[in-house]
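Peer 1: The structure follows.
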Amino acid sequence: MTQSRRILITGGAGFIGSNFVHHWCRQHPGDRVVVLDALTYAGNRANLASLESHPQFRFVAGDICDRPLIDQLLREEAIDTVAHLAAESHVDRSILGPDAFIRTNVVGSFTLLEAFRQHWLAQQQPEHFRFLHVSTDEVYGSLSPTDPAFSETTPYAPNSPYSASKAGSDHLARAYFHTYGLPTLITNCSNNYGPYHFPEKLIPLMCINILMGKALPVYGDGQNVRDWLYVEDHCQALDVVIQRGQPGETYNVGGNNEVKNLELVEMLCDLMDELAPDLPIKPSRQLITFVKDRPGHDRRYAINATKIRTELGWEPQVTVSEGLQKTVQWYLSHREWWQPLLSPEYQAYYAKVYSETA
Ligand code: NAD
Ligand code: DAU
C-alpha cells in the first residue's frame, strides 16, 4: 500500500510540473496537493484549470525565494513531501540573462531546503518525509558520439548558466542529506516533450512554426543529439522515486531515444504534413533553416537509466514515434492554449535569439 501524502509541488503551473500535478491527482486521489508557482512567463494557471474545484487541491501564487510564505505553507498544510520542479528552465534565456537562474534555481532551492529542514525538525524528523529535487542531465555536460551514456557517477561538468545553476542546487540537495540527514532524493532527467510545453522549446517551437508557415531554425549543423522522453513517463519516474527511492540517492531518468536535432525536426515536418489539414507551406521540410549555433551548445546527451529500472522497476512506456504523434495532435487541437503565449514579450525574446532568421 502506498503512503498517503500531503505534497507541495513547486513549479506546478509549468510544463512538467502541471503534467505531474495531473498525474499525482489521478494516481493518488486522496492526497492533499498544494501547488506553489510564481507564474513567470513559463507558468500558466490554465494548465491546472480542471483541478481548481477539486477539494484536495490548492494553488498558491508565490515565489520559492519567499521564506515566510514557504514556512507558513509547510506548517498550515502539514506538508510531508516536496516535489521541487520550480526553475528557470530555458538554456537560451540563461545565456541572454543568467541572473534569474541563479536566484530561482540556486537561492530558491536553498530557501526551500532550509525551510523544509526546519519543518522536519519541528515535527521530530518523521521517517516518511521526502524532498524530491527534480533536475536535469545537463549537469553532466556534453558527450562525444562514442562516450558511454551519463550514469549517476558521471562527474558534473555543466556548460551553460542554466545547467550550472541546476548543478548548484543538486549539490545543495545532496549536502542536506549528508549533513543533516534530511530525506532528499535527486532525479536527473533527459529532454521531455508532450502537452503544455512552452513554445520556446525545440519541439513546440517547430510545431507552431510549421503551423504558421515560419522558418524552422536549426542551430549549427543540426547534428546535436538529445535523448527524448515523453513527459508522462517522467512523471511516473518521479512518482516511483518519491514512493520507493532511497533517501540520499540520485536516479537518472531517460528515454533511451537518442535523436539528432535535424532528424527530429524532419520527423515533426512529416507528421505535420500528414496530420495538419491546411498548412500554409507544404512540404514543411522546405522551412528548415540552419541558423547560428547556441553558444557553448552541448553536442550530445544520453542517459543510462539502469539504476531506476533495476532498483525501482521504472521503464519508459511511450516510444518516440507514438509520443511525437500524440504531441503533434495536442498542438493541433490546442491552438487556444499556445496562441496567447506568442505575446509581444515572447516576440521580443524570439527576435533577440533568432535575429538572423526572425
Ligand atoms: P518550465 O519552465 O516549463 O516551468 C517552470 C515553472 O516554475 C513555471 O511554472 C514557473 O512559473 C515556475 N517558477 C519559476 N520561477 C519560480 C519561482 N521563483 N518561484 C516559484 N515558481 C517559479 O520548466 P519545466 O520544463 O517544466 O521544468 C521543470 C523542472 O524540471 C525544472 O527544474 C527543470 O530544470 C527540470 N527538467 C526539465 C526538463 C525538460 O526537458 N523540460 C528535463 C529535465 C529536468
Ligand atoms: O536535457 C534536459 C534539458 O532539456 C532540460 O534540463 C531543459 O530545461 C530543457 O529546456 C531541455 O534543454 P535543451 O537545451 O536540450 O532543449 P531545447 O528544446 O532548448 O533544445 C533542444 C535541442 O534543439 C538543443 O540541441 C538546441 C536545439 N534547438 C533548440 C531550439 C529552441 C534548435 O536547433 N533550434 C531551436 O530553435
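The values are calculated or read from the model by the stated rules, or taken from the named source; none is laboratory data. Quick caveat, the model's predicted, so the values are computed rather than measured. FYI the Cβ positions are ideal-geometry reconstructions off the backbone, even for glycines, and counts take in every protein chain you see. Accessible surface is based on the protein model in full, side chains and every heavy atom, while ligands, DNA and RNA are left aside. Shrake-Rupley method; radii C 1.70, N 1.55, O 1.52, S 1.80 Å.
Peer 1: Among the residues of segment 39-56, is any surrounded by 17 or more Cβ atoms within 10 Å (Cβ to Cβ) and in a strand (DSSP E or B)?
Peer 2: no
Peer 1: Go through segment 299-320 and count every residue that is in contact (Cβ under 8 Å) with a residue 12 or more places away in the chain and out of contact with any strand residue (DSSP E or B) (no Cβ under 9 Å at 6 or more places or on another chain).
Peer 2: Residues flagged as in contact (Cβ under 8 Å) with a residue 12 or more places away in the chain and out of contact with any strand residue (DSSP E or B) (no Cβ under 9 Å at 6 or more places or on another chain) within segment 299-320 amount to 1.
Peer 1: Scanning segment 244-296 for residues that are of a type in the set (D, E) and under 17 Å from K214 (Cβ atoms), which turns out modelled with the lowest pLDDT? Let's see the steps before the verdict.
Peer 2: The initial filter retains those residues of segment 244-296 that are of a type in the set (D, E), namely 249, 258, 263, 266, 270, 273-274, 278, 293.
Filter once more, so that each one left must be under 17 Å from K214 (Cβ atoms): 266, 273, 278.
Numbers: E266: 98, D273: 98, D278: 92.
Within segment 244-296, the match that is modelled with the lowest pLDDT is D278.
Peer 1: On to the next question. Identify all residues within segment 88-105 that are in contact (Cβ under 8 Å) with a residue 40 or more places away in the chain and open to solvent by less than 40 Å² (accessible area, probe 1.4 Å); write none if there are none.
Peer 2: Listed by number, the residues that qualify are E88, H90, V91, D92, S94, F101, T104, N105.
Peer 1: Now a separate question. Output the residue which, of all residues in segment 1-36 that are open to solvent by 10 Å² or more (accessible area, probe 1.4 Å), touching a residue at least 12 places away in the same chain (Cβ under 8 Å) and in a helix (DSSP H, G or I), is farthest from ligand 1 (Cβ to nearest atom).
Peer 2: Result: Q27.
Let's see how each residue does on (1) open to solvent by 40 Å² or more (accessible area, probe 1.4 Å); (2) of a type in the set (A, V, I, L, M); (3) at pLDDT 95 or above; (4) touching a strand residue (DSSP E or B) at 6+ places or on another chain (Cβ under 7 Å):
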{"site": "H119", "(1), (2), (3), (4)": "no, no, yes, no"}
{"site": "L132", "(1), (2), (3), (4)": "no, yes, yes, yes"}
{"site": "T136", "(1), (2), (3), (4)": "no, no, yes, yes"}
{"site": "T146", "(1), (2), (3), (4)": "yes, no, yes, no"}
{"site": "S151", "(1), (2), (3), (4)": "no, no, yes, yes"}
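Peer 1: Give the residue, chosen from V139, V134, that is touching a His at 6+ places or on another chain (Cβ under 8 Å) and within 13 Å of ligand 2 (Cβ to nearest atom). Please lay out each step first, then the result.
Peer 2: Working: V139 fails: touching a His at 6+ places or on another chain (Cβ under 8 Å).
Just one listed residue meets the conditions, V134.
Peer 1: Look through I95, I79, I102 and report the one residue that is in contact with a Lys or Arg (Cβ under 8 Å, 6 or more places away or on another chain) and either part of a helix (DSSP H, G or I) or not β-branched (V, I, T) (or both).
Peer 2: I95
Peer 1: Another question, then. Of all residues being among the hydrophobic types (A, V, I, L, M, F, W, C) and without any contact (Cβ under 8 Å) to a residue 40 or more places away in the chain in segment 328-358, which is surrounded by the most Cβ atoms within 10 Å (Cβ to Cβ)? Just the residue, please. Break it down stepwise before answering.
Peer 2: First, pick out the residues of segment 328-358 that are among the hydrophobic types (A, V, I, L, M, F, W, C): 328, 330, 332, 337-338, 341-342, 348, 351, 353, 358.
Of the ones still in play, those that are also without any contact (Cβ under 8 Å) to a residue 40 or more places away in the chain are 348, 351, 358.
On the way: A348: 9, A351: 11, A358: 13.
Of everything passing the filter in segment 328-358, A358 is surrounded by the most Cβ atoms within 10 Å (Cβ to Cβ).
Peer 1: Quick check on my filter: what residues within segment 196-212 are touching a Pro at 6+ places or on another chain (Cβ under 8 Å), within 11 Å of ligand 2 (Cβ to nearest atom) and open to solvent by 10 Å² or more (accessible area, probe 1.4 Å)?
Peer 2: Hits for segment 196-212 are H197, F198.
Peer 1: So which residues in segment 1-21 are out of contact with any Ser or Thr (no Cβ under 8 Å at 6 or more places or on another chain), away from ligand 2 (no atom under 16 Å from the Cβ) and not hydrophobic (A, V, I, L, M, F, W, C)?
Peer 2: T2, Q3, S4
Peer 1: Exactly one condition in (1) farther than 18 Å from D227 by Cα; (2) touching a His at 6+ places or on another chain (Cβ under 9 Å) is false for T187; which is it?
Peer 2: (1)
Peer 1: Within segment 219-256, track down each residue that is assigned to a strand (DSSP E or B), touching a His at 6+ places or on another chain (Cβ under 8 Å) and open to solvent by 10 Å² or more (accessible area, probe 1.4 Å).
Peer 2: Of segment 219-256, the ones assigned to a strand (DSSP E or B) are 219, 225-230, 250-253.
After this cut, where a residue has to be touching a His at 6+ places or on another chain (Cβ under 8 Å) as well, the list is 219, 253.
Matches in segment 219-256: Y219 only.
Peer 1: Considering only segment 202-215, how many residues are aliphatic (A, V, I, L, M) and either assigned to a loop (DSSP other than H, G, I, E, B) or in contact with a Ser or Thr (Cβ under 6 Å, 6 or more places away or on another chain) (or both)?
Peer 2: So the first thing to find is which residues in segment 202-215 are aliphatic (A, V, I, L, M), and the list is 202-203, 205-206, 208, 210-212, 215.
With either assigned to a loop (DSSP other than H, G, I, E, B) or in contact with a Ser or Thr (Cβ under 6 Å, 6 or more places away or on another chain) (or both) added as a condition, the list becomes 210, 215.
So the answer is 2.
Peer 1: Could you tell me how many of the residues in segment 135-152 are touching a Ser or Thr at 6+ places or on another chain (Cβ under 9 Å), in a loop (DSSP other than H, G, I, E, B) and among the hydroxyl-bearing types (S, T, Y)?
Peer 2: Residues flagged as touching a Ser or Thr at 6+ places or on another chain (Cβ under 9 Å), in a loop (DSSP other than H, G, I, E, B) and among the hydroxyl-bearing types (S, T, Y) within segment 135-152 amount to 1.
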